[in-house]
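Notes for the one structure printed next.
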Ligand SMILES: CC(C)=CCC[C@@H](C)[C@H]1CC[C@H]2C3=C(CC[C@]12C)[C@@]1(C)CC[C@H](O)C[C@@H]1CC3
C-alpha cells in the first residue's frame with residue numbers, strides 16, 4: 001500500500017477544542033459524572049465530524065474513495081472518536097481500554113491486568129527501563145506496567161482529554177515520577193531516534209492509516225536491540241472482502257471503534273518486516289483454548305456469568321439492558337440533561353459490540369494478535 005499522507009498537527013487547535021468540549025470534566029470521578037458536563041456545541045461538532053465518515057455509507061456499496069477519505073483524516077477521526085467514547089468506556093470498562101483472555105472464575109479486572117503483565121513480561125520490561133506506550137488511553141495499562149515492573153512509562157496519545165485523565169489518575173495514585181503523558185500523533189513522533197529501551201502498544205495502532213507507517217515510527221524511536229510488543233486488532237486471513245457479511249462486520253467494527261483502515265494478519269506481519277523488525281514471535285492469542293472467549297463481556301449471554309460482578313456486565317448488554325440504557329440516554333438528551341449525540345454514540349458502540357462479538361465468534365477478527373519484534377543491533 002502507498003504510504004499515507006500525514007495530517008497536519010495543530011496542538012493549539014486541539015487544546016482549544018478540548019477545553020470547549022470537556023471543560024474541567026477530566027477531573028471528574030468517573031465516566032458518568034464526566035459525561036454530563038460537556039460543552040454542547042463542541043460535542044455536536046465532534047459528532048458531526050466523526051459520523052460524516054459513516055452515516056449513509058453501507059457496506060454493500062463501500063467505495064475505495066470512502067476508505068481513502070477516512071484514512072486521510074485518520075488523526076481527526078480517532079481524536080473525535082475518543083472525545084465521544086472515552087467517558088462511556090470508563091463507565092462500562094474501567095481505565096484499561098482493551099480486551100483480554102479469561103481463565104475459569106477469573107474476575108474481570110484481574111484478567112485485564114494479567115493481559116498487561118503478560119505483554120510486559122513477553123518483551124522483557126525491567127526496573128529502570130525507559131518504555132513507550134503507544135496510544136496510552138487514560139493510562140490504565142501504563143500505571144499497571146509501571147507498578148508491576150518498576151520501569152518508567154511515557155504514554156503517547158493524540159487526544160488531550162485522555163492525556164488529562166491519564167495525568168490526573170497518575171497524580172492521584174502517586175505515580176507521577178514513573179509516568180509521563182505526551183500529546184501527539186503517533187505517525188509523526190517527536191521523540192529523537194533510539195530513545196526507548198522497549199515499546200508496547202495495546203490495541204491502539206489499529207487507528208493508524210498504515211501499519212507499516214506506525215511500526216516504522218516505533219522502530220525509529222526504539223534503541224538498537226530494544227524490543228517492541230503489540231496486541232494488534234486485525235481481520236484474520238479467513239476474512240474475505242468480497243463477502244458482504246464479512247465486510248459488514250469489518251465496517252461495523254471500524255465505525256464503532258474509530259478505525260479508518262483495519263488490515264489482515266498477513267499485512268501486519270509484512271508491515272513488521274518492512275519496518276525493519278526481526279520478528280521474534282507472532283500468535284493469535286484468541287486461538288488459545290481459554291475458559292471463556294475474549295468477547296464474553298459484550299455478548300449479553302447469561303451462560304458466561306461466573307461471578308456476582310459479571311451479572312451487571314452481561315445484563316447491560318442484553319436486548320433489554322440496552323433498550324433501557326439507550327432510551328434513557330435519548331430521554332436525558334431530550335430534556336437537556338445529557339448533551340446531544342450521547343444516544344448516537346451509545347448506538348454506535350452497541351454496533352461495535354455486535355460486530356466484535358460476531359467477528360470473534362466467526363474467527364474473522366482478533367483484538368489480540370501478539371507480535372514481538374526486535375530492532376537489530378547493527
Ligand atoms: C477501539 C479500540 C481499538 C480498543 C478499545 C477496546 C474496548 C475497550 C472497547 C471496544 C468496544 C467498547 C464498548 C464498551 C466499552 C469499551 C469497549 C469494550 C461498552 C461496554 C461501554 C458501555 C456501553 O454501554 C456499551 C459499550 C459497548 C462497546
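All of the numbers you see were taken from the coordinates with simple rules; none came from a lab. If you're wondering where the values come from, they're calculated on a predicted model, not measured in any experiment. Note: ideal-geometry Cβ built from the backbone for every residue, glycine included; neighbour counts use all protein chains shown.
Structure notes:
- Projected area averaged over orientations for the chain, convex hull of C-alpha atoms, nm²: 17.6
- One chain, two ends: residue 114 and residue 301. Fully extended at 0.36 nm per residue, the span grows by 65.0 nm beyond their Cα-Cα distance.
- The chain: calculated mean residue ellipticity at 222 nm from DSSP helix runs of at least 4, using -39500 (n - 2.57): -15000 deg cm²/dmol
- Panel note: the C-alpha atoms of the stretch 1-101, placed on their principal axes, show extents of 43, 39, 27 Å (largest first).
- Counting every other Cβ atom within 10 Å of each residue's Cβ, 312, 97, 148 order from fewest to most as 312, 148, 97.
- Protection proxy ranking of 10-16, 219-225, 205-211, 322-328, by the mean of other Cβ atoms within 10 Å over each peptide's residues and highest first, is 205-211, 219-225, 322-328, 10-16.
- If you take the Cα centroid of the stretch 154-182 and the Cα centroid of the stretch 241-266, the two points sit 31 Å apart.
- Listed by Cβ neighbour count within 10 Å, with the fewest neighbours leading, 115, 53 appear as 53, 115.
- Label positions at residue 351 and residue 279, each projected 7 Å from the Cα along the C-beta direction, are separated by 3.3 nm.
- Centroid-to-centroid separation of the stretch 272-306 and the stretch 25-43 [C-alpha atoms, Å]: 32
- The stretch 236-284 has equivalent-ellipsoid semi-axes of 24, 13, 9 Å, by the square roots of 5 times the alpha carbon gyration tensor eigenvalues, sorted largest first.
- nm² value of the averaged projected area, convex hull over the Cα atoms of the stretch 255-315: 6.6
- Taking the centroid of alpha carbons for each part, the stretch 67-106 and the stretch 323-378 are 7 Å apart.
- Full-extension gain in nm, residue 244 to residue 36, via 0.36 nm per residue minus C-alpha separation: 71.0 nm
- Ordering 6, 308 by the number of other Cβ atoms within 10 Å of each residue's own Cβ, fewest first, gives 308, 6.
- Counting Cα-Cα pairs of the stretch 308-360 in 5 Å increments starting at 0 gives whole-percent bin shares of 5, 19, 22, 23, 18, 9, 4, 1.
- Ranked by how many other beta carbons lie within 10 Å on average, peptides 101-107, 58-64 from highest: 101-107, 58-64
- Here the Kirkwood formula puts the hydrodynamic radius of the stretch 49-133 at 16.4 Å, using every distinct Cα pair.
- Inter-label distance, nm, simple model (7 Å from Cα along the C-beta direction), residue 318/residue 194: 6.0
- At full extension, residue 291 and residue 65 could sit 77.2 nm farther apart than now, given 0.36 nm per residue minus the alpha carbon distance.
- Sorting 247-257, 269-279, 156-166 by average packing, meaning the other beta carbons within 10 Å per residue, from highest down gives 156-166, 247-257, 269-279.
- In terms of Cα atoms, the Rg and Dmax of the stretch 80-190 work out to 13.7, 43 Å.
- Here, the stretch 268-372 yields an orientationally averaged convex hull projection of 9.4 nm² when only Cα atoms define the hull.
- Taking 7 Å steps out from each Cα toward its Cβ at residue 325 and residue 55 produces label points 2.4 nm apart.
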